[in-house]
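Chemist: Sharing a structure with you now.
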Amino acid sequence: MGSWRGDTTRTDGTRQQWLMHRAADGTYLVQFRLTRPNGTAEEWAEVGIWGVRLPIYFTAARGVMERGKVEPADVSNPSLYDAYEVKELTNDSFTYYSYTSGDRFTVKKVPPDSKFDGVAVPQGSPGQVFPVFIGVWVVLGLFSAGFFFLGKNAKLKRKVWPPFVVATAVLFVGFTWATDLPADALFIVVPVVALITILNLRAVQFCNSCGATVMSQNFFSKPAFCSKCGAGLKQ
């Protein structure tokens with residue numbers, strides 16, 4: 001009984017942590033955290049029943065905690081039931097092996113109010129990802145306005161524009177990935193961003209006469225004349 005904390009690292013570098021709170025009435029609440037090598041994390045919790053009859057320790061999940069409420073689990077799902085062999089059990093430590101996977105687990109006794117250590121950024125958390133996204137886009141917008149629309153050096157702008165557009169596209173895809181969208185969504189996002197990047201590279205020209213940045217009203221064709229001074233544009 002009591003609260004126990006486990007901490008292990010998977011073969012792919014993912015850190016797995018869990019806090020198990022076992023009650024005397026045979027029920028439990030366990031909180032899980034997976035921290036990936038890139039620093040993002042995923043958390044969830046489940047409730048169920050547990051018991052020990054040496055050398056067997058077993059758990060049976062009965063529901064998942066979502067927003068403080070328990071969503072009942074499908075009790076016919078065999079993956080919700082786990083049986084373990086107890087290897088060592090003391091007042092402060094508990095080691096057991098899974099009969100199905102053969103994995104070894106060791107948990108340590110902790111105070112009831114214990115929390116996870118090694119705080120990571122929850123993947124897909126708007127409170128973490130969105131402010132960074134907005135901050136980066138504001139900086140890029142200010143740079144773009146100052147350099148490309150106020151600057152007069154057409155040769156330099158023509159040189160900087162392609163890597164700037166490509167880097168912006170890569171950043172956008174990166175932020176999309178950081179929100180933990182389903183992998184299938186990237187098959188849509190990446191081609192769309194690639195198309196927009198190509199159109200941006202094609203539709204923007206720089207006037208050698210006045211240095212203005214000229215954007216075509218038709219993304220599928222390059223502007224032929226400067227909208228500011230009327231000079232012909234280099235194709």
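Any read-out appearing in this document is the output of simple, stated calculations on the displayed coordinates, not a laboratory observation. In this text, all values refer to a predicted model and were calculated from it rather than measured experimentally. Positions of Cβ are generated from backbone atoms using ideal geometry, with glycine treated the same way; all protein chains shown enter the neighbour counts.
Chemist: Does the stretch 2-110 come out rounded, prolate or oblate by the C-alpha gyration tensor, with a ≥ b ≥ c the root eigenvalues, rounded set by a/c under 1.5 and, if not, prolate when a/b is larger than b/c and oblate if not? Walk me through the intermediate numbers first.
Modeler: Details: a/c = 1.44, a/b = 1.07, b/c = 1.35.
Since a/c stays below 1.5, the shape of the stretch 2-110 is classed as rounded.
Chemist: If I model a spin label as a point 7 Å beyond the Cα along the Cα-Cβ vector, how far apart are those points for GLU43 and THR100 in nm?
Modeler: About 2.6 nm separates the two model spin labels.
Chemist: Under a 5 Å amide H to amide H cut-off, with H placed in plane at 1.01 Å, what residues pair with GLY2 once short-range neighbours are removed?
Modeler: Amide H neighbours of GLY2, under 5 Å, 5+ apart: ARG22.
Chemist: Same structure, new question: Going through the stretch 132-235, which trypsin sites (Lys or Arg not before Pro) have at most 13 other Cβ atoms within 10 Å and a DSSP loop state? Mind showing how you got there, number by number?
Modeler: Values: sites: LYS152, LYS155, LYS157, ARG158, LYS159, ARG202, LYS228, LYS234; in loops: LYS152, LYS228, LYS234.
The qualifying sites are LYS152, LYS228, LYS234.
Chemist: Taking 0.36 nm per residue of separation and subtracting the Cα-Cα distance, what length does fully extending GLN217 through LEU186 add? Present the calculation step by step, with values, prior to reporting the outcome.
Modeler: Details: separation 31, 0.36 × 31 = 11.16 nm, distance 2.87 nm.
So the chain would gain 8.3 nm between GLN217 and LEU186.
Chemist: Stretch SER209-VAL64 to full length: gain in nm at 0.36 nm per residue minus the Cα-Cα span? Don't jump to the answer; show the numbers that get you there.
Modeler: Working: separation 145, 0.36 × 145 = 52.20 nm, distance 6.62 nm.
Extra length available between SER209 and VAL64 comes to 45.6 nm.
Chemist: Under unit Cβ charges (Lys, Arg +1; Asp, Glu -1), what dipole magnitude, rounded to 20 debye, does the chain have relative to its Cα centre?
Modeler: Values: 24 positive and 18 negative charges, 357 e Å.
Computed about the Cα centre, the dipole is about 1720 debye.
Chemist: Further, regarding this structure: If you line up the long axis of helix 154-178 against the longest principal axis of the chain, both from Cα atoms, how many degrees apart are they, to the nearest 10?
Modeler: The two axes meet at around 20 degrees.
Chemist: In terms of modelled amide H atoms, which long-range or inter-chain residues lie less than 5 Å from the amide H of GLY211?
Modeler: none
Chemist: What order do you get for MET1, MET65 when you list them from fewest to most C-beta neighbours inside 10 Å?
Modeler: Working: MET1 12, MET65 15.
Neighbour counts put them in this order, fewest first: MET1, MET65.
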